[in-house]
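The values are calculated or read from the model by the stated rules, or taken from the named source; none is laboratory data. Because the structure is a prediction, the values reported are computed rather than measured. Ideal geometry is used to build each Cβ from the backbone, glycine not excepted, and the neighbour counts take in all protein chains shown. Heads up: the accessible areas ignore ligands, DNA and RNA and are worked out on the full protein's heavy atoms, side chains in. Shrake-Rupley method; radii C 1.70, N 1.55, O 1.52, S 1.80 Å.
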Amino acid sequence: MFEQLDQIEKEAKAALANVQSLDDLAAWRTQWTGKKGSLAQASQSIGKLDPKDRPAFGQRFGAIKQALSEQEATLESRLQSAALHQELEEDAVDISLPGRAANIGRLHPSTQSLRRIQHIFAEMGFQVWESREVESDEYNFELLNMPAHHPARDMWDTFYVQSDDPQQKVVLRTHTSPGQIHVMRTLNPEPIRVILPGKCYRYEPVSARSEMMFHQVEGLVIGRNITMADLKGTLANFARRMFKDDVKVRYRPSYFPFTEPSVEVDIECFICGGEGCRICKKSGWLEILGAGMVHPTVLRNGGYDPAEWSGFAFGMGPERQTMLRYDIDDIRWFFSNDGRFLEQFG
Ligand code: DAH
């Protein structure tokens, strides 16, 4: 009996020396010191002993049990701290690694361009106005010197909006020019120096060169002695600030129903310096806007007497200017929400 206890102690200690992990230790406990382990089984044989030997057996049993559990506890705490150590090592954060860049949003290239244009004109003393996108036929065409059936209406393919009033046709504005009449009728009889940025709509097949929706910036200046020289000075100044300090500007005769005379404004191609290239289509010039002296009929429609007042107006497309500036070959990039395009405009 006593030898059995000694044997168990020896074997249990030897087995404990081989324990490598907390799992091993749990298995060891089950086999040796647990409720149904070898030690507990051996203790049951106490009943077969001569009663006088029982106290000695009990003492021996207790001593072995205590020795084993002390060794077990020491080993357990050593294994636990080793496991914790390993876990901390595996989860360690390398604080010397550069962080991942957070993808922050940015302004849309059209917005950036609009803001740039607004900033330039604000510096020249222009106010920024907004005007409605849903317009009457009257404001979009008639008051701009295009009565019904005027052939110039063909310059703008129009979205018509269902309206309750059969007398009044409603359209999505095809250009920002109707804002001119709103401003004149509001500010009359004060002199005017405003720009009107906003969205326009055209009923055209979407292609690389035309979108259904795009932006324009309208400009209107009205005063007592405004001449073509003011138009030229203002727009050349704009072109210099927008594109390049020493950019060359050219005024080409053109036609718009709401201005007389009308011009289109070109700048010397900044890609080839006027030599002729793919961007300027070999002409050496890039068209950036349309302009002219406000037509007497339009002045009158705004409540300004053309005998006393004169003015100039202009209209430009920020998407078009951005396309020229960055050599973008398709206007659809602007509104197709492709991150690869948009993120190039930090
Ligand atoms: N509204 C014209 C367009 O959409 C652009 C324009 C040309 C506006 C001449 C003007 C102007 O104010 O004077 O094509």
Compute the relative contact order of the range 170-309 as a whole-number percentage, counting only Cα pairs closer than 8 Å that sit 6 or more residues apart in sequence. 21 percent
From the phi of every residue in the range 246-263, what ³J(HN,Hα) in whole Hz does the Karplus formula 6.51 cos²θ - 1.76 cosθ + 1.60 yield, where θ is phi - 60° and glycine or proline is x? 10, 5, 8, 10, 10, 10, 10, x, 8, 9, 9, x, 9, 10, 7, x, 10, 9
Could you work out how far the C-alpha centroid of the range 53-95 sits from that of the range 98-135, in angstrom? 70 Å
Of the listed peptides 224-237, 147-160, what is their order by residue-averaged count of other C-beta atoms within 10 Å, with the highest listed first? 224-237, 147-160
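If you take every residue apart from Val298 with its C-beta less than 11 Å away from the C-beta of Val298, what net charge results, scoring Lys and Arg +1 and Asp and Glu -1?
Numbers: positive: Arg300; negative: Glu142, Glu260.
Net charge around Val298: -1.
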Please label the shape of the range 109-345 as rounded, prolate or oblate, based on the square roots a ≥ b ≥ c of the eigenvalues of the alpha-carbon gyration tensor (a/c under 1.5 means rounded; beyond that, a/b larger than b/c means prolate, else oblate). oblate
Those Cys residues of the chain for which no other cysteine Cβ falls under 4.7 Å: Cys200
Run the accessible area of the range 2-90 with a 1.4 Å probe and give the carbon-and-sulfur part as a rounded percent. 51 percent
Please state the relative contact order of the chain as a whole percent: Cα pairs under 8 Å, 6+ residues apart? 15 percent
Out of the GluC sites (Glu not before Pro) in the range 93-180, which ones are loop residues according to DSSP with at most 15 other C-beta atoms within 10 Å? Glu130, Glu133
Using θ = phi - 60° and the Karplus curve 6.51 cos²θ - 1.76 cosθ + 1.60, what whole-Hz ³J(HN,Hα) does each residue of the range 69-82 get, with Gly and Pro shown as x? 5, 5, 5, 4, 5, 4, 5, 4, 5, 5, 5, 4, 6, 5
Probe of 1.4 angstrom, ligands and nucleic acids ignored: what's the accessible area per residue over the chain, in square angstrom? 57 Å²
For the chain, what is the calculated [θ] at 222 nm in deg cm²/dmol (nearest 500), taking -39500 (n - 2.57) for each run of four or more DSSP H residues and dividing by its residue count? -12000 deg cm²/dmol
Using alpha carbon centroids, what distance separates the range 168-234 and the range 290-346, in Å? 8 Å
Residue of Gly58, Gly284, Gly198 that the Gaussian network model of the chain assigns the largest fluctuation, springs spanning Cα pairs under 10 Å: Gly58
Based on the mean of other Cβ atoms within 10 Å per residue, sort peptides 79-92, 203-216 so the most packed one is first. 203-216, 79-92
